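Below is one structure; the comments refer to it alone.
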Amino acid sequence: MATKNHNLSDYDINSVPSGEGMKVGIVVSEWNNNITGALLKGAIDTLVKNGVSQSDIKVLTVPGSFELIHAATRMTQQPVDAVIAIGCVIRGDTPHFDYICEGTTYGLARLNATQPIPVIYGLITTNDMQQALDRCGGKLGNKGDECAITAIKMIDFDRKTTRSF
Ligand code: DLZ
């Protein structure tokens, strides 16, 4: 996908607004926790590197990616400026993969459209474990970094549009 041409793990720190004073909620699923743990670490490290205080990052864990919708809903009701949802679904032998991916994606997209704060999509959906490893700190960067940068940019976007609209 676009990650090959647009890898936000290689972002220019000067092009990212300061995250100082921003509050970020992260919901993360336990399934494939070798992957989601690395994504979570990438997200937290990048938020902190860009000025978000460690104490302004709130993390909630759920069993699987499908539960991210509920957890993200709860998180949007907390005093945070954006929510990052992190999960990893790996294709198996049955259509289950498609249902989880579709349901979770639809649920998060609906939240993003209906809640007053941005919900950032950090769900990795891959054909195998290697593709997931490539995207959580491997040769294609870390999707967690990308989510952190996107969260900061969207909070900044909200602040600017609130002021000028
Ligand atoms: C059941 C299931 C399966 C088979 N695979 C994954 C997966 O690859 N990644 C993931 O995050 N969750 C998986 N789950 C669990 C579902 O997301 C969910 O937790 C259960 O269906 C219970 O609602």
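The values are calculated or read from the model by the stated rules, or taken from the named source; none is laboratory data. None of the values given here were measured: they were computed from a predicted structure. FYI the Cβ positions are ideal-geometry reconstructions off the backbone, even for glycines, and counts take in every protein chain you see.
Scan the stretch 53-68 and tell me whether some residue there is at pLDDT 95 or above, in contact with a Cys (Cβ under 9 Å, 6 or more places away or on another chain) and within 21 Å of Pro17 (Cα to Cα). There is no residue in the stretch 53-68 that is at pLDDT 95 or above, in contact with a Cys (Cβ under 9 Å, 6 or more places away or on another chain) and within 21 Å of Pro17 (Cα to Cα). Residues in the stretch 84-100 that are in contact (Cβ under 8 Å) with a residue 24 or more places away in the chain and over 15 Å from the mean Cα position of the chain (by Cα) were compared, and the one that is nearest to Ser65 (Cα to Cα) is Ile100.
Residues in the stretch 14-37 that are more than 28 Å from Thr126 (Cα to Cα) and of a type in the set (D, E, K, R): Glu20, Lys23.
So which residues in the stretch 106-144 are touching a Gly at 6+ places or on another chain (Cβ under 8 Å) and more than 20 Å from Met75 (Cβ to Cβ), if there are any at all?
Arg135, Cys136, Gly137, Asn142
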